[in-house]
Every structure is written in structure tokens, then in C-alpha cells.
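Asker: Mind having a look at this structure? Questions to follow.
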Ligand code: AMP
Ligand code: AMP
């Protein structure tokens, strides 16, 4: 049992060896071999924004939409379980994604059923941060975590899960560029989260401090981004609370969502940070014709860059 957030000392070795074993035994269905990746840039008001388009026609076996009765996270397969106890009350587990597109993709899940529509708890945020601080596969792999929250966020499973994946080599997502140009975020009345005015859709970035911080600080950063998100959703009369959330050791990004897909193209947190997964060539051609910025503008809300919070804001 863990009484704090620490990971087993052999976490990284287990992460790699148990994955390789699960692949060899057929417990994990790796979908990435036939993925064709293309890095592109689109110009937004004079600024180049990085995107990656992935064509993956062989994406198979994954349940399109899970439900509470057929919950894959209720009793995770032992072969997919990486860490059995994590979190302040040992309420979390780590399991591999059974249908990954990127190797070693894993998930932080609640042991008991908790809805994917709930915000992240202090314990979940601190567990995420601890994992991100420690996870290492190949030397230069850069890890990020993401949470698709709410009915229009692109999630397929309703049981609470946060995901961990590596970035494509050499890919610098827009929130990283925004965060690196800024001072660490101090959540208070005077500081707004960052938004790059060049991007047409609402996105809230907080650069994390380099110094140590605890779960209360993390909750405060998360809550500041959620406040802006709730204000955006209310301003646009949204009837649901849906957003994408990304966290690395350096920054957090939150993107409020108006809808789950553009035409037939589903967009989740990976999409919101610029990694677009197309399940057939028609979708890929459609994205190229319409542009990624058009897609994201459509599934998100208009940018509120420059708009200050006032007494009507959350
Ligand atoms: P999302 O689609 O964002 O809600 O993420 C759900 C994730 O769970 C996807 O990455 C699926 O591939 C993964 N998944 C689905 N079924 C299982 C399962 N039985 N075991 C582990 N992961 C699963
Ligand atoms: P989905 O889009 O939810 O059908 O996701 C298919 C599988 O790929 C799931 O295991 C997701 O967690 C994962 N995934 C989703 N988007 C991306 C992406 N842009 N790049 C790589 N993997 C992704």
C-alpha cells in the first residue's frame, strides 16, 4: 500500500517489460505499425502553429463507446495492470491502454466507478504530476497526460481515466511554446491564464513553477483554468461541461469544448493540442482541405484572449 504518491522504485522497468510481455502474449493490441504521420504547420495571424496528422486505417478492436455496465476499468486484466495502488487513499490504479497507437500508452483509473464528467481531484492531479516527473522509457521520450472531461470532450469510456502518452519526436505543441515564453503562473485575481491571441479558439495555459509544489497548489492551478472554462461555457450557453485538459511537468492546458467531432472526425485532448488522428483517408483529405484550425475552431469556442475577468466571471 502506498500512503503517499510515490511510485514503486522499479516503475520504469516494469512499465517497459510488462508492456513488451503483454504485446507478446496478445493482451495489448498495438495499432500503431501502420500509422502514417505527417507534421504540418498552419499560419494563424502570422504565427506558425505545429500540428501532426496521423492516418491510421487499421484501427481495430477498440470499443467505440463504453458504458457503465460493460466497464473495461471495473476489473482490469492483471496482465494490463502496472500499479495496483496509487493516490492519497490508494483509490487509483495504473493500467495499459489495451488498444494503443503509441507504445507504452497507459491510463490512471479510479478503482471504484467515478464519472468521467467530474473534475480532477487533488490526489489525481498529484498522482499525475508524480508520474510525469518520474516516467522514463527511451531517454528522449517526452510524456504528457490528458483528461477528456464531459460529453463533448471526445472520451469513449465513462469510468474516470486520465491517459499518459509520449509526444511525437521533435513535436512542440502550441501550449508548450506559449508556456515557455511566460513567467510561472500565480493564480490570483490579477493574473490571467495565457492565451495566444493568434489562435482562434479559447485555450487556457498555465506555466508551472520550476520549484516544488504540492497538491493544493496543483488544485489551485487546475481550478483557475476550470474557472475560465466555465465562464466560456456559460457565455456561449453550453448545456454541458466539456473540456480537454493536458498536463506536463512544465504546463497545464485547458480547452473548453462545444462538440465532440467535426463532420465525422472525433477530436479529443490529443486533437486539441494538435495531434489529429484520422481513421480513413477521406477524413485526412478533409482535414487538409478544411485546415486543422478550422476543425479546432468548430469543436471549441471563440478565443477570449485579451478579455479580463470581471464580476460576472466565475
Ligand atoms: P477515451 O476514448 O479517451 O475515453 O479513452 C479510453 C481508452 O481506454 C482508449 O484509449 C481505449 O483504447 C482504452 N480501452 C478500451 N478498452 C480497454 C480495456 N479493456 N483495457 C484497457 N484499455 C481499454
Ligand atoms: P479514439 O480516437 O478515441 O478512437 O482513440 C483511438 C486510440 O488512440 C485510443 O487508444 C486513444 O487513446 C488513442 N489516441 C487518440 N488520439 C490519439 C492521437 N492523436 N495520437 C495517438 N493516439 C491517440
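Asker: With the contact rule set at Cα under 8 Å and sequence spacing of 6 or more, what percent relative contact order holds for the range 218-293?
Answerer: Relative contact order here is 20 percent.
Asker: At 222 nm, what helix-only mean residue ellipticity would the chain give, in deg cm²/dmol to the nearest 500, using -39500 (n - 2.57) for each DSSP H run of four or more? Don't skip to the answer; put the middle values down first.
Answerer: Details: 7 runs with 77 residues, N = 314.
-7500 deg cm²/dmol, from helical runs alone.
Asker: Can I ask one more? If contacts are Cα pairs under 8 angstrom and at least 6 residues apart, what is the relative contact order of the range 35-131 in percent?
Answerer: Once divided by the residue count of the range 35-131, the mean separation gives 17 percent.
Asker: Would you mind getting me the FRET efficiency between residue 188 and residue 90? Use the beta-carbon distance for r and R0 = 35 Å, nearest 0.05.
Answerer: On the way: r = 34 Å, r/R0 = 0.96.
E(calc), rounded to 0.05, equals 0.55.
Asker: With only alpha-carbon pairs counted, each pair once and no self-pairs, how large is the Kirkwood hydrodynamic radius of the chain in angstroms?
Answerer: Kirkwood radius, the chain: 19.9 Å.
Asker: Note the full-extension length gain between residue 112 and residue 312 as 0.36 nm times their separation in residues minus their Cα-Cα distance, in nm to one decimal.
Answerer: Contour length minus the Cα-Cα distance gives 68.3 nm.
Asker: Here is a further query. Mind jotting down the distance between the C-alpha centroids of the range 92-151 and the range 189-250, whole Å?
Answerer: 18 Å
Asker: Distance between Cα centroids, the range 1-37 to the range 251-314: provide it in whole Å.
Answerer: 29 Å
Asker: Still on this structure, please answer the following. Among 14-21, 123-130, how do they line up by average Cβ neighbours within 10 Å per residue, starting with the highest? Intermediate values should be presented prior to the final figure.
Answerer: Working: 14-21: 16.2, 123-130: 22.9.
Highest to lowest by the protection proxy: 123-130, 14-21.
Asker: Could you pull out which residues in the range 91-126 have an amide N less than 15 Å from a spot 7 Å beyond the Cα of residue 141, following the Cα-Cβ vector?
Answerer: From the range 91-126, the list is 95-108.
Asker: For the range 1-115, just run the numbers: alpha carbon Rg, then divide by 2.2 N^0.38 Å, N being how many residues it has.
Answerer: Relative to the rule-of-thumb radius for its length, the range 1-115 sits at 1.31.
Asker: Right, another one. At 7 Å along Cα-to-Cβ for each site, give me the label-to-label distance between residue 6 and residue 288 in nm.
Answerer: 5.2 nm
Asker: Kindly give Rg over Rh for the range 270-314, based on alpha-carbon atoms, with the Kirkwood expression for the hydrodynamic radius.
Answerer: 1.18
Read the figures in this text as sums done on the coordinates, not as results from a lab. Quick caveat, the model's predicted, so the values are computed rather than measured. Every residue, glycine among them, receives a Cβ derived from its backbone with ideal geometry; neighbour counts consider all protein chains shown.
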